[in-house]
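Trainee: I have a structure I would like to understand better, so I am pasting it below and will then ask my questions one at a time.
Derivation of every value follows stated rules applied to the coordinates shown; laboratory data play no part. The structure presented is a predicted model; accordingly, all values stated were derived computationally and were not measured. We place every Cβ from the backbone using ideal geometry, glycine too, and count neighbours over all the protein chains shown.
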Amino acid sequence: MSIIQFPTEMKWGVATASYQIEGAVNEDGRGLSIWDTFSHTPGKVLNGDNGDIACDSYHRYEEDIALLKDLGVDVYRFSIAWPRIYPQGTGDVNEKGLAFYHKFVDTLLENGIEPICTLYHWDLPQALQDEGGWNNRSTIDAFVEYAETMFREFKGKINYWITLNEPWCTSFLSNYLGVHAPGYNDLQLAVNVSHHLLLAHGRAVQKFRELNIEGEIGYAPNTTWIDPYSNKTEDIQACQREIGWYIEWFMDPVFKGKYPEFLVEWFKNKGVKLPINEGDLEVIKQPIDFIGINYYSGHVGRYKEGEGLFHLEMIDLGYERTDIDWPIYPDGFYHVLTHITERYGKVPIYITENGSCYNEEPVHGRVKDNNRIKYLQQHLTSLHRAIQSGVNIKGYISWSLMDNFEWAEGYSKRFGLVFINFRTLERIKKDSFYWYKKTIENKWFDL
Ligand code: BGC
């Protein structure tokens, strides 16, 4: 038996996001978001699902916080629905929206749970999309206005802020691969959006410092790791391009003040123009207090002419997969973390998402999700390896507290430690909930 023991000061938590859990889309003055529009467009989300009700957490937040309390987490990562605060994206503040999050954050604090707040977890106000969305620089101004309102309103209550969740998804997945809202297939547009998102991040950080808000601020890019199939240069380079699309493209500008040359060249050869104005990169390169890392899966890949954006073919070596068909690759987690530390120094890192999709249902009231426990053990062991190798890990936040609206997959994919019956909205703690609770309590587990 091997004991995996974590540092005592490490923080433990779980995460969710507004559109995925809240429901109540027409209540208390909330405006439309691009996900309302997208999910109500036939053919965009599996089974025609949408977030109208989701987990109904807008009404059941006290019950959810009781779950968090029972789980024993130090922190809860949640996101604010921008259209609840600014129904039109900008202009008048909706006081009822603010009041909801005050009640919610107060209840977390009363229960001794530290809130970690994500400002943008994808629910862009539709009114801003109608003006071009993230392709239009005025959306950046609107974001900074919204961020400022939240900083002023919640200073002293919320001490940890995440500007953006997974800018790769909101740029490339949403505007080039067309899988997420707003659902376009345009590489130039996606590159523009990626740059404007980073600018929005940088400007929000500047605002945070200018207002002298106590606390910490960072952002949460998504990562992956692709091991080259062989040591041939072409295989290695194809993998580097794919990894770099997630990591270097979104982190070099923040930590080094420039985009990675190998990708700049690649995009230029595709006829893409970088929408960089003078001074942009200085704005993006704001010192941040931590970086949030989201990691789920990795692959093995090799060069193949014409395959995908980067001539990369994924090779199925038979790794086990979760129920969303993502290969389980815990070593990739370790590689991502050490790679980031080697490239950017010992930046404080919170794992802001890591978790697995398994669709087990309750049998006689119990959900035996042993696979999820195994996934957690494997990834926490990789995390531990990274800590032992000098990676500066401050906390681990698992995705997700509960099953929820899994974007384009609707309700068909379950990532929760708590099972949700989407008909009755009953919450049932899965076996993984109890395993995680014990691990948080002990700060170790055995293998
Ligand atoms: C997102 C979550 C999502 C999870 C699982 C991340 O891409 O931040 O909102 O539910 O991964 O797909």
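Trainee: Restricting the stretch 394-437 to residues that are touching a residue at least 60 places away in the same chain (Cβ under 8 Å) and β-branched (Val, Ile, Thr), which is surrounded by the fewest Cβ atoms within 10 Å (Cβ to Cβ)?
Mentor: Result: 428.
Trainee: For a quick check of your reading of the model, give me the residue pairs whose first member lies in the stretch 85-100 and is in contact (Cβ under 8 Å) with a residue 40 or more places away in the chain, whose second is of a type in the set (Gly, Ala, Ser) and crowded, with 17+ Cβ neighbours inside 10 Å, with beta-carbon atoms closer than 6 Å and at least 6 apart or on different chains.
Mentor: From the stretch 85-100, the pairs are 85/97; 87/31; 88/31; 88/127; 89/127; 89/142; 90/142.
Trainee: For the stretch 155-168, does any single residue satisfy the condition of being in a helix (DSSP H, G or I), within 16 Å of the ligand (Cβ to nearest atom) and over 19 Å from residue 88 (Cα atoms)?
Mentor: yes
Trainee: Another question, if that's okay. Please work out which residue is surrounded by the most Cβ atoms within 10 Å (Cβ to Cβ), limiting yourself to the stretch 308-353 and to residues that are among the hydroxyl-bearing types (Ser, Thr, Tyr) and touching a residue at least 40 places away in the same chain (Cβ under 8 Å).
Mentor: Out of the qualifying residues, it is 352.
Trainee: Just to verify a result, which residue in the stretch 68-101, among those that are among the aliphatic types (A, V, I, L, M) and more than 21 Å from residue 113 (Cα to Cα), is surrounded by the fewest Cβ atoms within 10 Å (Cβ to Cβ)?
Mentor: Per the stated criteria, the residue is 93.
Trainee: Just to be sure I understand the filter: pairs with C-beta atoms under 7 Å, separated by 6 or more residues or on different chains, first member in the stretch 240-252 and among the acidic types (Asp, Glu), second member surrounded by fewer than 23 Cβ atoms within 10 Å (Cβ to Cβ) and in a helix (DSSP H, G or I). Which pairs pass?
Mentor: From the stretch 240-252, the pairs are 248/263.
Trainee: Same structure again: What is the one condition in (1) part of a helix (DSSP H, G or I); (2) hydrophobic (A, V, I, L, M, F, W, C); (3) closer than 30 Å to residue 37 by Cα that residue 357 does not satisfy?
Mentor: Exception for residue 357: condition (1).
Trainee: Please give the number of the condition residue 354 fails out of (1) farther than 20 Å from residue 74 by Cα; (2) within 16 Å of the ligand (Cβ to nearest atom).
Mentor: (1)
Trainee: Another question, if that's okay. Could you figure out which of (1) within 16 Å of the ligand (Cβ to nearest atom); (2) not in a loop (DSSP other than H, G, I, E, B) isn't true of residue 177?
Mentor: Every condition holds for residue 177 apart from (2).
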